[in-house]
Amino acid sequence: MKKIRLSLFAVFLSIASQSQNFDVIPLGIYGGEQEDNLSAYLVGTPGENAFLCLDAGTVNAGIRKGIELKSLNGNAETVLKDQIRGYFISHGHLDHLSGMIINSPADSKKDIYAIAPVLQILQDHYFISDTWINFADQGQKPMLGKYHYHELQAGTEMAATNTSFFLKPYELSHVNPYKSSAVLVRKDHHYLLYFGDTGADRVEKSDRLNHIWTDIAPLIKKGQLNTLLIEVSFPNSQPEKSLFGHLTPDLLLEELQKLKEKTGLRNLEKLNIVVTHRKPTGNNPETIKNELLKNNPLKINYIFPEQGKKISVP
C-alpha cells in the first residue's frame, strides 16, 4: 500500500510539473511594417481574464483578432478597459508602444511598468501636447492622470498592481549604449521571461545577456522557468553591421550555447522559446523559422506565434 501511495504521489508531481501556468495571447507578432500586427503579448493565468500586456505595438486590432479566435472573452472595450491591467514597455521604439498611445483615450486607469530611460522617453516624446497629450500622471502639464508610471529597478522584483504577477527587469543592449529591457514574470513559483529588442553580447560588446543567463540558469534547472519570449528579427543572411541591435537564428543559438554551459544540455531540452519580432519584409518570417528549425542542436521547442492565437505554456 505504501508503494502504491508513493507511486500515485510521483504521478501527481509529474502532472503538476507539466501543468499550464501561463496563457500568452499575441496581440501583435512582427517587428515593423505591419502596423496592425506589432509586438504585444498578453500574459495571464489559465481561467482568469486578467492580463499584463508585454509591450504594446498593436492593441485594438490584436484584441479583436483574439476575440475572433476565442482566445479572449468579452468585447474589445471590456478587454481593453477591464482585462488588461497594465503595460510593461521594454523600450521606446514605436513598434513596441504605439498601440498603447493610440488607444489611450479609450483606455481605463492602469499602470505602466518600465525602466527609467523608457519612462523618460514616454514623458519627453510621446505623452506631450505636440504629439498627443499627456495621459499619464507625471511629465508635461496638463496631466490627465490615466496612467501611473512605475519605475522598474534592474534586478529588483516589483508586484504588478491588480494582477497576481511580480516583475523583475533586466537591461538589454539594443545598439549599445541604447537601453532596451527584459522582464522576468513570476506567478507563485513559476516564471516566464520576455525580452524586448536585443543584440547579441558579442556584437553589442556587452555582457547583458550573459548576466541574464547566469541569473535564470538555476530557475531552468529547477523547472521553474520553461518559457522565453525572445526576438529573432533577421535571417542569417543579414550582415552583422546591419543588425541594428537585433538577433539572427545563428546569434540566438550562439547565446543559447552560453546558457547551456550554465544549465546543462538536458535542462535546456525542456525549454520553450516563443520567437518574437520577426521582420515581415519579403519571406523573412519563413526563412527565420526554417533556419531555427534546421540548426537546432539544443533541441529547443520553438514556438512561432500567430496574432490572436493563445499559447499555453508551463
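A few notes on this one:
- Residue pairs whose Cβ atoms lie under 6 Å apart, separated by 6 or more positions or on different chains, with the first residue in the stretch 184-209 and closer than 16 Å to A154 by Cβ and the second in a strand (DSSP E or B) and among the charged types (D, E, K, R), are L184/K168; R208/E171.
- Test result for A116, over 22 Å from V59 (Cα atoms), touching an Asp or Glu at 6+ places or on another chain (Cβ under 7 Å) and at pLDDT below 95: no
- With a requirement of 1 or more residues that are among the acidic types (D, E) and touching a helix residue (DSSP H, G or I) at 6+ places or on another chain (Cβ under 9 Å), the helices (runs of 4 or more DSSP H) lying completely within the stretch 186-298 that satisfy it span 201-204, 249-263, 284-294.
- Boolean, L252 is crowded, with 21+ Cβ neighbours inside 10 Å, within 21 Å of N295 (Cβ to Cβ) and either in contact with a Leu (Cβ under 7 Å, 6 or more places away or on another chain) or not small (G, A, S) (or both): yes
Yes/no matrix, rows are residues, columns are (1) modelled with pLDDT under 95; (2) closer than 26 Å to L152 by Cα; (3) crowded, with 23+ Cβ neighbours inside 10 Å; (4) of a type outside the set (S, T, Y):
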residue: I15; (1), (2), (3), (4): yes, no, no, yes
residue: S19; (1), (2), (3), (4): yes, no, no, no
residue: D23; (1), (2), (3), (4): no, yes, no, yes
residue: P26; (1), (2), (3), (4): no, yes, yes, yes
residue: L72; (1), (2), (3), (4): no, no, yes, yes
residue: R85; (1), (2), (3), (4): no, yes, no, yes
residue: I89; (1), (2), (3), (4): no, yes, yes, yes
residue: G99; (1), (2), (3), (4): no, yes, yes, yes
residue: D107; (1), (2), (3), (4): no, yes, no, yes
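- Of the strands (runs of 3 or more DSSP E) lying entirely inside the stretch 52-170, those containing at least 1 residues that are under 25 Å from I230 (Cα atoms) span 84-88, 110-115, 143-152.
- For the stretch 174-185, residues that are in contact with a Leu (Cβ under 8 Å, 6 or more places away or on another chain) and modelled with pLDDT of 95 or more total 6.
- Here V79 fulfils each of the conditions (1) more than 18 Å from the chain's Cα centre (by Cα); (2) more than 20 Å from D111 (Cβ to Cβ); (3) buried (at least 24 other Cβ atoms within 10 Å of the Cβ); (4) not basic (K, R) apart from (2).
- Sole exception among (1) buried (at least 20 other Cβ atoms within 10 Å of the Cβ); (2) closer than 30 Å to N49 by Cβ; (3) β-branched (V, I, T) for I212, by number: (2)
- Pairing residues of the stretch 217-232 that are surrounded by fewer than 24 Cβ atoms within 10 Å (Cβ to Cβ) with residues that are of a type outside the set (D, E, K, R) and part of a loop (DSSP other than H, G, I, E, B), at Cβ distances under 6 Å and at least 6 apart in sequence or on separate chains, gives Q224/H189; N226/P314.
The values are calculated or read from the model by the stated rules, or taken from the named source; none is laboratory data. Owing to the predicted nature of the structure, the values given are computational and were not obtained by experimental measurement. As a convention, Cβ positions derive from the backbone with ideal geometry for all residues, glycine included, and neighbour counts pool all protein chains shown.
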